[in-house]
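Encoded as structure tokens, the structure appears first; notes follow it.
The values are calculated or read from the model by the stated rules, or taken from the named source; none is laboratory data. Note that the coordinates shown come from a computational prediction; the quantities given were computed from them, not determined experimentally. All Cβ positions, even for glycine, are placed from backbone atoms using ideal geometry, and neighbour counts span all protein chains on display. The accessibility values were calculated without ligands, DNA or RNA, using every heavy atom of the protein model including side chains. Shrake-Rupley method; radii C 1.70, N 1.55, O 1.52, S 1.80 Å.
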Amino acid sequence: MTETTQTPEAENPNLETTETTAQTEPPTLESLQERIAELEGQLKDEQLRSLANEQNLRRRHQEEIQAAHKFAAQKFAAEMLTVKDYLEMALQDQSGNFEAMKMGVSMTLNELNKAFDATQIKEIPSEQGSKLDPHQHQAMQEIAAPEQEAGTIVGTLKKGYTLHERVLRPAMVTVAKAA
């Protein structure tokens with residue numbers, strides 16, 4: 001018994017001839033045009049997909065912005081619900097007990113301060129004798145205060161507040177005027 005090993009060429013005698021024929025024959029104009037049309041179709045499909053993806057991203061981004069605007073105050077609003085509950089309870093109180101009413105108002109103010117702390121609303125410091133900061137204070141009037149330096153705060157008419165370092169309302173103050 002003799003073993004014969006066959007090479008791929010021996011198994012398929014047409015293999016070599018078709019490969020060499022394909023390599024040696026230049027592509028026809030029709031086959032090149034078909035290939036160009038196929039590639040143009042793929043490019044057009046990719047462009048359409050990219051355009052649709054871009055439009056979807058824009059739409060999703062717009063929806064997220066609208067939701068952010070719509071629900072921006074949600075945390076603060078949730079904090080304010082307890083304050084509202086306390087105020088409603090105070091209005092329903094028919095006891096006429098001034099001390100109980102005062103205690104209820106104090107509790108309500110404490111809840112409001114907790115809500116302010118939770119949402120980063122801070123009071124602008126405006127102590128008497130401190131320098132006027134035009135970025136945080138609004139001088140409502142100047143008064144003679146010989147014991148204080150000109151341009152310093154004499155008193156506070158309305159407290160000011162910031163939200164994350166941005167002024168919500170400047171502190172409205174009276175200022176010492178130059179003598």
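Miscellaneous remarks
- Scanning the stretch 107-132 for residues that are farther than 26 Å from Ala73 by Cβ and loosely packed, with under 14 Cβ neighbours inside 10 Å yields Glu127, Gly129, Ser130, Lys131.
- Residues in the stretch 121-135 include at least one that is in contact (Cβ under 8 Å) with a residue 24 or more places away in the chain, in contact with a strand residue (DSSP E or B) (Cβ under 9 Å, 6 or more places away or on another chain), farther than 20 Å from Leu168 by Cβ and in a loop (DSSP other than H, G, I, E, B).
- Residue satisfying condition, being of a type outside the set (Ser, Thr, Tyr), closer than 30 Å to Lys158 by Cα and either open to solvent by 70 Å² or more (accessible area, probe 1.4 Å) or touching a Ser or Thr at 6+ places or on another chain (Cβ under 8 Å) (or both), within set Glu25, Glu88, Glu63, Glu30: Glu88
- Candidates Gln66, Gln94, filtered to the one that is over 25 Å from the mean Cα position of the chain (by Cα) and either under 21 Å from Arg166 (Cβ atoms) or free of Cβ contacts under 8 Å to residues at least 40 places away in the same chain (or both): Gln94
- Residue in the stretch 66-76 that is open to solvent by 100 Å² or more (accessible area, probe 1.4 Å), part of a loop (DSSP other than H, G, I, E, B) and under 23 Å from Thr156 (Cβ atoms) present: no
- Qualifying residue in the stretch 161-179 (condition: surrounded by 12 or more Cβ atoms within 10 Å (Cβ to Cβ), touching a Lys or Arg at 6+ places or on another chain (Cβ under 7 Å), assigned to a loop (DSSP other than H, G, I, E, B) and at pLDDT below 95): no
- Met140 falls short on exactly one of the conditions (1) of a type outside the set (Phe, Trp, Tyr); (2) assigned to a helix (DSSP H, G or I); (3) within 13 Å of Ala176 (Cα to Cα), and that condition is (2).
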